[in-house]
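K.L.:
Dumping the structure here so I can ask a few things about it.
The values are calculated or read from the model by the stated rules, or taken from the named source; none is laboratory data. Bear in mind that the values here come from a model prediction, so they are computed numbers and not experimental data. Note: accessible area is taken over every heavy atom of the protein model, side chains too, but ligands, DNA and RNA are not part of it. Shrake-Rupley method; radii C 1.70, N 1.55, O 1.52, S 1.80 Å.
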Amino acid sequence: MLRRLRSRLVGAFGVFFSGKLVVHFYDARGMSMGTQPLMEVDPRNCRFVASHSDRSGRAGRISLHLVDSTGLDRGALGEVL
């Protein structure tokens, strides 16, 4: 579960692929505002996310994605408004 606390993202995740977590920012109309890589992840370990972002205050929606080691976006792990 991903939660947004002011300009912080907080959550705990287990993944099925090695890679990295990337935050996607969208405006109120759903248009992409960019991305921000967070951390490397591995299926053997659950990761706790506690990240601060300057962009999150302006974003209409924030989505956390897993990008595997080959660069393939494996989809959203969670989203917040």
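K.L.:
What residue, among those in segment 40-61 that are modelled with pLDDT of 90 or more and of a type outside the set (D, E, K, R), is least open to solvent (accessible area, probe 1.4 Å)?
P.N.:
Val41
K.L.:
For Arg29, only one of the following conditions fails: (1) at pLDDT below 90; (2) open to solvent by 90 Å² or more (accessible area, probe 1.4 Å). What is its number?
P.N.:
Result: Arg29 fails condition (1) only.
K.L.:
Here is a follow-up. Would you confirm whether any residue within segment 1-11 is modelled with pLDDT of 90 or more and open to solvent by less than 50 Å² (accessible area, probe 1.4 Å)?
P.N.:
Among the residues of segment 1-11, not one is modelled with pLDDT of 90 or more and open to solvent by less than 50 Å² (accessible area, probe 1.4 Å), which makes the answer no.
K.L.:
Of the numbered conditions (1) open to solvent by 20 Å² or more (accessible area, probe 1.4 Å); (2) at pLDDT 85 or above, Gly19 fails exactly one; give the number of that condition.
P.N.:
Condition not satisfied by Gly19: (1).
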